[in-house]
Amino acid sequence: MSGPDISSNANSRVLKTYQEARLQNTENLRKLVVDAAATLLQDEGPEAVTVRKVSQKMGCSTKIIYSLFVNKEGLAQQLYLDGCKLLANEFEATPQAADPVQHMMNLGETFWQFGQRYSSYYKLMFGGAFADFKPDEVSLQGTVTAMRQLITVISSAQEQGLIPGQYDTESIVRIVWSSLHGVIHLYMGGHLGDVQSAHAVYKQTLSLIARSLLPDHIT
């Protein structure tokens, strides 16, 4: 190899300090632990996510888990944020519609499907599956980010004068979200029969919400 080639390779080499390498290794290990906990969450449910079981799945001591996350609640927070990313991705992939009612119906259906496909994440995020875990400000902001699509469609309808102005956007989003979450939570608690019956109630609830918000814009 010629001299210039050697010089070029040397100049392109990125050097890291010991602290930078150690930090990178720590972040990689944190990700592996979260992945292991996420697998337990999806395969066995929230009750299976304990520090002991995660350490067993990782083949490491519980001390390592505690050193990375302090306690189970620290691990739950990371799972919560992962759930927010999943929900945001689902909303991003939702078909858009020029008609705000149809767009809202599409987003509502996405929220239902998220509860079905990622039921363990849903229970962690919205169902109190981890009794000692309460989302902090960072986690709650993750939820807001995940709900951005719903916020946008409602805000846009307000700007067009399609939704009466007595409520602000945040209040409307909370009303919609709370109503839909209530149906899903009742279904998960066994109060609405089988999935088909519960889904029918959900769609009726979504339709009533859209009709009340946009009474002159029902297609």
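Just so you know, all these numbers are worked out from the coordinates, no wet-lab data involved. These figures come from a predicted structure and were not determined experimentally. Note: ideal-geometry Cβ built from the backbone for every residue, glycine included; neighbour counts use all protein chains shown.
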Could you check the simple spin-label distance between E73 and Q141, using points 7 Å along Cα→Cβ, in nm with one decimal? 2.0
Counting other C-beta atoms within 10 Å, which of C84, C60 has the fewest, and how do the rest follow? C60, C84
In degrees, nearest 10, range 0 to 90: what is the angle between the Cα axis of helix 72-92 and the longest Cα principal axis of the chain? 60
Treat each spin label as a single point 7 Å out from the Cα along the C-beta direction, and report the D43 to L208 distance in nm. 4.1
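Could you calculate the FRET efficiency of S171 with N89 from 1/(1 + (r/R0)^6), where r is the beta carbon distance between them and R0 is 25 Å, rounded to 0.05?
Working: r = 26 Å, r/R0 = 1.05.
Efficiency for this residue pair is about 0.45.
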Along each principal axis, Cα extent of the range 16-70, largest first, Å: 40, 19, 18
Nitroxide proxy distance, nm - points 7 Å out along Cα→Cβ at E109 and R30: 3.9
Could you work out the local net charge near E92, counting Lys and Arg as +1, Asp and Glu as -1, over the other residues with Cβ closer than 14 Å to its Cβ? +1
If a/c stays under 1.5 just call it rounded; otherwise compare a/b with b/c (prolate if a/b is bigger, oblate if not). Do that for the chain, with a ≥ b ≥ c from the square roots of the Cα gyration tensor eigenvalues. oblate
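Please tell me the relative contact order of the range 91-190 in percent, rounded to the nearest whole number, where contacts are Cα pairs under 8 Å and at least six residues apart.
On the way: 43 pairs, mean separation 28.7, N = 100.
Relative contact order for the range 91-190 comes out at 29 percent.
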So what are the ³J(HN,Hα) numbers for the range 25-42, from phi and the Karplus equation (6.51, -1.76, 1.60; θ = phi - 60°), rounded to whole Hz, Gly and Pro as x? 4, 5, 5, 5, 5, 4, 5, 5, 5, 4, 4, 5, 5, 5, 5, 4, 4, 6
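So which trypsin sites (Lys or Arg not before Pro) in the range 48-114 pass both tests, a DSSP loop state and at most 10 other Cβ atoms within 10 Å of the Cβ?
Values: sites: R52, K53, K57, K63, K72, K85; in loops: none.
Nothing satisfies the criteria.
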Which of Q196, Q158, Q78 ends up with the largest GNM mean-square fluctuation for the chain, with Cα atoms connected below 10 Å? Q196
With Cα coordinates, the longest principal axis of the chain makes an angle with the long axis of helix 137-146, in degrees rounded to 10, of 60
